[in-house]
Amino acid sequence: DAGLVLVDTGSFVLADATRELLKTVVASPAHTAIWTHGHVDHCFGVEGYEADAGRPVHVIAHEAVSRRFARYQLTQGYNDKINARQFQTKAGFPGEFRAPDEVYAERKSVDVGGRRFELHHALGETDDATWVWVPDAGVLCAGDLVIWASPNCGNPQKVQRYPREWAQALRAMDACAAEVLCPGHGVPIYG
């Protein structure tokens, strides 16, 4: 009733196109955005949602997201080079990042328009990961803890990941017995 809650807001390359596509199926303006982590394919485009809504969108993320953004600013040139090699892209790595409005450490419950969103921190592909459980809807948004490629525990060009803790996070998510699993990449799983 208060507006949309977005779990992730888009990549720095596709955020505007994603927002325009969403507007073709949902008329409600965005109210809150929850970032599942600070990778640049998940946390851009908030400004477009704010312009559409005519007001700020409240952004919530794990407390480590801000540290990631600071590191990205320091290593922008390096990220340009490794992403060009890994993803065969000429898109320059961003140098500016919108800070979250609110951060949390381990768990947080958020109520927007009468619907509860339970945020859980986990170590997995990143140290700033959040998975979101929406109990009354039976929906679990896993971020990049589920991406249709497993295990994604690192590569020679990027930071190594947290495989043992990642398995613990997957077990915790499984215990929710979700009806719908929305991965960070790929199609939703129903049933």
Residues in region 162-184 that are open to solvent by less than 40 Å² (accessible area, probe 1.4 Å) and in a loop (DSSP other than H, G, I, E, B) total 3
Restricting the search to region 1-16, which residues are open to solvent by 50 Å² or more (accessible area, probe 1.4 Å) and farther than 21 Å from Thr130 by Cα? Asp1, Val13, Leu14, Asp16
Can you name the residue in region 69-103 that is under 19 Å from Pro156 (Cα atoms) and among the basic types (Lys, Arg) and, of all such residues, is modelled with the highest pLDDT? Arg71
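Against the definition (over 17 Å from Pro188 (Cβ atoms), open to solvent by less than 50 Å² (accessible area, probe 1.4 Å) and not in a loop (DSSP other than H, G, I, E, B)), how does Ala142 come out, yes or no?
So Ala142 fails the test.
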Just to be sure before I move on: is Glu106 modelled with pLDDT of 95 or more, open to solvent by 50 Å² or more (accessible area, probe 1.4 Å) and not polar (S, T, N, Q) in the structure I sent? yes
Hey, can you tell me all the residues within region 17-67 that are touching a strand residue (DSSP E or B) at 6+ places or on another chain (Cβ under 9 Å), part of a helix (DSSP H, G or I) and either open to solvent by 10 Å² or more (accessible area, probe 1.4 Å) or of a type in the set (Val, Ile, Thr) (or both)? Ala17, Thr18, Arg19, Leu22, Val46, Gly48, Tyr49, Glu50, Asp52, Ala53, Val65, Ser66
I need the full set of residues from region 103-145 which are within 12 Å of the chain's Cα centre (by Cα) and of a type in the set (A, V, I, L, M), in order please. Leu119, Ala129, Val132, Ala142, Leu145
Yes or no: region 92-109 includes at least one residue that is out of contact with any helix residue (DSSP H, G or I) (no Cβ under 6 Å at 6 or more places or on another chain), closer than 17 Å to Asp8 by Cα, in a strand (DSSP E or B) and among the charged types (D, E, K, R). yes
Considering region 68-111 alone, what residues qualify as being among the acidic types (Asp, Glu) and in contact with a strand residue (DSSP E or B) (Cβ under 7 Å, 6 or more places away or on another chain)? Asp101, Glu102, Glu106
What's the number of the condition Pro156 fails, among (1) out of contact with any helix residue (DSSP H, G or I) (no Cβ under 8 Å at 6 or more places or on another chain); (2) surrounded by 13 or more Cβ atoms within 10 Å (Cβ to Cβ)? (2)
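The values are calculated or read from the model by the stated rules, or taken from the named source; none is laboratory data. In this text the structure is predicted, and so the values were computed from the model without any measurement. Note that we place each Cβ from the backbone using ideal geometry, even for glycine, and neighbour counts take in every protein chain shown. Quick note on the areas: whole protein, heavy atoms, side chains included, nothing else; ligands and nucleic acids left out. Shrake-Rupley method; radii C 1.70, N 1.55, O 1.52, S 1.80 Å.
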